[in-house]
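Following: one structure in structure tokens, then a few remarks.
The values are calculated or read from the model by the stated rules, or taken from the named source; none is laboratory data. On a predicted model such as this, the values are computed, not experimentally measured, just so you know. Heads up, the Cβs are rebuilt from the backbone with ideal geometry, glycines too, and the neighbour counts pull from every protein chain shown.
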Amino acid sequence: MKILLIWPKFPNTFWSFKYALPFIGKRAAFPPLGLLTVAALLPKKWEKKIIDLNIEKLNEKDILWADFVFISAMVVQKQSVKEIVKRAKNFGKKIVAGGPLFTTGFENYLKDIDHFVLGEAEITLPLFLEDLEKEGLKKIYKSEKFVDIGKSPIPLWGLIDMKKYASMSIQYSRGCPFNCEFCDIILLNGRVQRAKDKDQILRELTALYNRGWREGVFFVDDNFIGNKKKLKEKILPALIEWMTDKGYPFFLNTQVSINLADDEELMKLMAKAGFNTVFVGIESPNEESLAECGKFQNINRDLLSSVKIIQNQGLQVQGGFIIGFDHDTTSIFDRMINFIQKSGIITAMVGLLQAAPKTRLWKRLRKEKRLMGEPTGSNTDCTINFIPKMNPRVLISGYQRVMNTIYRPENYYQRLITFLKRYKPKRKEPFQLNWQKFLAFLKSIWILGIAEKERLHYWKLIFWSVFKKPKLFPIAITLAIYGFHFRKISEENLSIKS
């Protein structure tokens, strides 16, 4: 049996890093971890090939080679999915689909897809394989159960060219204890965190290490700190020992909730284990909006102070923000700008609220007859799929002003210096002569320091960093490159008419 696994193309978005990746000679930010895991669940004797359309083109010979075409996708990839399905159908190939796009919206693809393997593949894929052997395949395979992810296999890293990616990914846990109205994590992975044990995590890291990987590793967990006790007593001590033994070959990042700021011991352990960045869903400086969406873990706290605490522990905070809640008034635009500037959050992903299929928000808006179709999956493309309380034109133009303001060079670089003043790494990075990073620096001199509009601010940052924070010079250059990408995205958004 020959299986072609296809990862659809992402549009140009905030997280695509389209304008940053060329600095380091990479083609995509992250690999298709889900498909790599699915490949490991398939029979070993089968031939498998992964095509990541963010890296390479889908050729006719690849489609002709396959007995089945497997597609996994997120909502934001749905346009690419349509193109893949059309091409596969033109050659009469059977298509098997799974992943978030189909798990929450398979009804939209009943005519085009032959078989759906929904939910967690560790449960539903074996059912598909059993029926395939019996030559009695069903249309839909799904389960209401959640798997023990300790049974999940090590991804088949040999199916991709790792050198073309900026970071690798692994998963420690699934599920989040919180229940935010707009979030589909509860639908996909549940509220009870299920986690792997320390030995399994170390085996996965070792697999990456043995393949020569020596850069970033993203723990793609819904909320890495969902079980603090297990992290502090078992996972992080084992990770610290492994990283120490291997000479800290990776720098790590993950997603957490803001209550990380309440646990100094946990922050210290994470920093010691090699984590240097955490993404936090802050959402809004407006407490009424936080209450509206059920983001109760962010209420009754000084969010700016919490961010600063995490930064002071050697962890860069990336922030997720949302505009468009029912309780947002026109004051939210200036409040959002002021909060982000004061926070020193460099990577501030501000998006317009979208109602993801089957979430609590989607159900409420449908009941209120305010739903207007499917979301695009990209909350930075100036679209909404519901009738907001605020005038839509005012909402979209205000959102565009926020993005344009925070990523205008003078504001971005001011925020970058604010962060560098606070950032206190807890572990000394070993010096490594990395030609890739050196070439990225040279490119940054030409593009950011000479050719582009941020040139003045770039050189101010260079001299400030060299004289004030020389140890943080590499991260200053990296974040300057990020800022170039974010500015380009915000400028593209400005061209969209509200």
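Considering the stretch 1-107, the qualifying strands (runs of 3 or more DSSP E), each wholly inside and each with 1 or more residues that are at pLDDT 95 or above and small (Gly, Ala, Ser), run over 68-72, 94-98.
In the set Leu439, Leu456, only one residue is assigned to a helix (DSSP H, G or I) and under 30 Å from Gly247 (Cβ atoms); that residue is Leu439.
Criterion applied to Tyr399, Tyr482 was being in a helix (DSSP H, G or I), modelled with pLDDT of 95 or more and out of contact with any helix residue (DSSP H, G or I) (no Cβ under 8 Å at 6 or more places or on another chain), and the one residue passing it is Tyr482. Restricting the stretch 153-200 to residues that are β-branched (Val, Ile, Thr) and either in contact with a Pro (Cβ under 6 Å, 6 or more places away or on another chain) or over 26 Å from Ile51 (Cα atoms) (or both), the residue that is surrounded by the most Cβ atoms within 10 Å (Cβ to Cβ) is Ile160.
Among the candidates Pro388, Pro375, which residue alone is part of a loop (DSSP other than H, G, I, E, B), over 27 Å from Gln341 (Cα atoms) and in contact (Cβ under 8 Å) with a residue 60 or more places away in the chain?
Values: Pro388 fails: over 27 Å from Gln341 (Cα atoms).
After ruling out the rest, the residue left standing is Pro375.
In the set Leu266, Leu290, only one residue is in a helix (DSSP H, G or I), touching a residue at least 12 places away in the same chain (Cβ under 8 Å), aliphatic (A, V, I, L, M) and on the phi < 0 side of the Ramachandran plot; that residue is Leu266.
If we scan the stretch 468-479, do we find a residue that is of a type outside the set (S, T, N, Q), assigned to a loop (DSSP other than H, G, I, E, B), touching a residue at least 24 places away in the same chain (Cβ under 8 Å) and closer than 28 Å to Met270 by Cα? Within the stretch 468-479, one or more residues are of a type outside the set (S, T, N, Q), assigned to a loop (DSSP other than H, G, I, E, B), touching a residue at least 24 places away in the same chain (Cβ under 8 Å) and closer than 28 Å to Met270 by Cα. If only one of Leu442, Leu420 is farther than 24 Å from Thr13 by Cα, without any contact (Cβ under 8 Å) to a residue 24 or more places away in the chain and aliphatic (A, V, I, L, M), which one is it? Exactly one residue qualifies, and that residue is Leu442. Of all residues in the stretch 269-302, those that are under 29 Å from Ser167 (Cα atoms) and of a type in the set (A, V, I, L, M, F, W, C) total 9. Scanning the stretch 309-352 for residues that are in contact with a Pro (Cβ under 7 Å, 6 or more places away or on another chain) and in contact (Cβ under 8 Å) with a residue 60 or more places away in the chain, we see that the one that is farthest from Val280 (Cα to Cα) is Gly324.
A count restricted to the stretch 231-241 and to residues that are touching a residue at least 24 places away in the same chain (Cβ under 8 Å), surrounded by fewer than 20 Cβ atoms within 10 Å (Cβ to Cβ) and under 13 Å from Leu202 (Cβ atoms) stands at 4.
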